[in-house]
Amino acid sequence: MKTKEKIVIIGANGLIGKAFIEAYKDKYNIIKCLRKHNTLKLLERENPSIIFNSSGEPYNEKKMFNTNLILVKKILDYCIKKKCHLIHLGSSGEYGRHSYPTSETTHLKPTTKYEATKAAASMLVVGYAKAYKLKAILVRPYCVFGYHSKQNLLIPMIINAIKNNTTMNIYKGVHDFIYVKDFIRGIASLIKQKKKWAHGDSVNLGSGKQLTNFSVLKHIQKVFGKSGNFKIINKKFRSYDSDTWICDTKYSFKKYSFKTKYTFQEAIKDIKKYYKKNIRI
């Protein structure tokens, strides 16, 4: 019997980590690395062939620097010593705000503290990979969503407002939304094709399609068959929010043959099925 490849997922309790474990627990020997664990001790004990770093701290400034940058440096040092593969999740926000689709060659222009720490970590990953010939790949997700999304994000907030018949403001905004099932399929595809990884290769994973917040609301209302109580605010919630947020998918398709399967509406229907099965709606 073939031995399963061992993968340690750092940030295993997040949206992406949970979804990956649910989908691929039978294919890989997956080890969860949670906040309560000492990451380096766990890595030394488990000795994985692949580290999937899906961790990130967007809110707590005290933890942001340690989680988004210092921890990445420690993981890279471990990878040098053990010569293991690394998948590191950055952020599409590292590119800053642009009026065109962002590609892997777009210059980084972060505009928030979170984006700045993620961009710095991305540069560390690429620099270390080239200097030490590490098999490391940098993946920048666009707006990943699914049924394990944090409840303070747009899509679960709209669904909860419809479920609970509460009033919610919808502000002007745009995003490139990618369903988590598509995203983790992309990660699995990268693992399968790891021989193609260049030292410090970077890949954007998004849908290549942009939706406004108002369109998101209409899709969710249609799928759930309820209008809810929403107030349309024709201004941005944050001054720095962009008028364009879209992934250039040409490189991920050309090199790794990745493209999404779910339309946005199909993804919302799938989320609704999960809610019906696990949560009363």
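The values are calculated or read from the model by the stated rules, or taken from the named source; none is laboratory data. Quantities reported herein were computed from a predicted structural model and do not represent experimental measurements. Here the Cβ positions follow ideal geometry from the backbone for every residue, glycine too, while neighbour counts run over all protein chains shown.
State whether one or more residues within the stretch 47-68 are within 14 Å of Ile10 (Cα to Cα), surrounded by fewer than 13 Cβ atoms within 10 Å (Cβ to Cβ) and in contact (Cβ under 8 Å) with a residue 40 or more places away in the chain.
yes
Any residue in the stretch 113-126 that's more than 14 Å from Lys63 (Cβ to Cβ) and in a helix (DSSP H, G or I): show its pairings with residues that are basic (Lys, Arg) and modelled with pLDDT of 95 or more at Cβ separation under 8 Å, as long as the two are six or more apart or on different chains.
Here the result reads Ser122/Arg140; Leu124/Lys73, each pair linking the stretch 113-126 to a residue that is basic (Lys, Arg) and modelled with pLDDT of 95 or more.
Given the stretch 173-236, what strands (runs of 3 or more DSSP E) lie entirely inside it while holding 1 or more residues that are within 21 Å of the chain's Cα centre (by Cα) and at pLDDT 95 or above? Talk me through it step by step, then tell me what you get.
Values: elements: 177-179, 201-205, 229-236.
Hits in the stretch 173-236: 177-179, 201-205.
With Asp270, Asp241 as the choices, which residue is under 21 Å from the mean Cα position of the chain (by Cα), of a type outside the set (Lys, Arg), part of a helix (DSSP H, G or I) and surrounded by 13 or more Cβ atoms within 10 Å (Cβ to Cβ)?
Details: Asp241 fails: part of a helix (DSSP H, G or I).
It is Asp270.
Cβ-Cβ under 9 Å, sequence separation 6+ or interchain: first residue in the stretch 221-234 and within 18 Å of Tyr274 (Cβ to Cβ) and touching a residue at least 60 places away in the same chain (Cβ under 8 Å), partner surrounded by 13 or more Cβ atoms within 10 Å (Cβ to Cβ) and of a type in the set (Lys, Arg). Which pairs?
Phe224/Lys163; Phe224/Lys272; Lys226/Lys163
Would you mention how many residues in the stretch 169-189 are farther than 22 Å from Tyr100 by Cα, out of contact with any strand residue (DSSP E or B) (no Cβ under 6 Å at 6 or more places or on another chain) and crowded, with 23+ Cβ neighbours inside 10 Å?
Result for the stretch 169-189: 2.
If I ask for residues that are over 22 Å from Asn47 (Cβ atoms) and basic (Lys, Arg), which ones from the stretch 80-106 would you list?
Arg97
Could you say whether any residue in the stretch 73-90 is among the small types (Gly, Ala, Ser), within 19 Å of Val139 (Cβ to Cβ) and surrounded by fewer than 22 Cβ atoms within 10 Å (Cβ to Cβ)?
Going residue by residue through the stretch 73-90, those that are among the small types (Gly, Ala, Ser) are 90.
Subset that is within 19 Å of Val139 (Cβ to Cβ): 90.
Those left that are additionally surrounded by fewer than 22 Cβ atoms within 10 Å (Cβ to Cβ): none.
No, because not a single residue in the stretch 73-90 is among the small types (Gly, Ala, Ser), within 19 Å of Val139 (Cβ to Cβ) and surrounded by fewer than 22 Cβ atoms within 10 Å (Cβ to Cβ).
Quick one: which of Lys196, Lys192, Lys218 is closer than 19 Å to Ser103 by Cβ, out of contact with any Ser or Thr (no Cβ under 7 Å at 6 or more places or on another chain) and surrounded by fewer than 21 Cβ atoms within 10 Å (Cβ to Cβ)? Explain how you work it out, then say what you get.
Working: Lys192 fails: closer than 19 Å to Ser103 by Cβ; Lys218 fails: closer than 19 Å to Ser103 by Cβ.
Of Lys196, Lys192, Lys218, the one residue that is closer than 19 Å to Ser103 by Cβ, out of contact with any Ser or Thr (no Cβ under 7 Å at 6 or more places or on another chain) and surrounded by fewer than 21 Cβ atoms within 10 Å (Cβ to Cβ) is Lys196.
So, in the stretch 136-151, of the ones that are in a loop (DSSP other than H, G, I, E, B) and modelled with pLDDT of 95 or more, which residue ends up surrounded by the most Cβ atoms within 10 Å (Cβ to Cβ)? Step through it out loud before you land on a result.
Kept after step one, since they are in a loop (DSSP other than H, G, I, E, B), are these residues of the stretch 136-151: 142, 146-151.
Remaining after also requiring modelled with pLDDT of 95 or more: 142, 146.
Working: Tyr142: 24, Gly146: 22.
Going through the qualifying residues, I end up with Tyr142.
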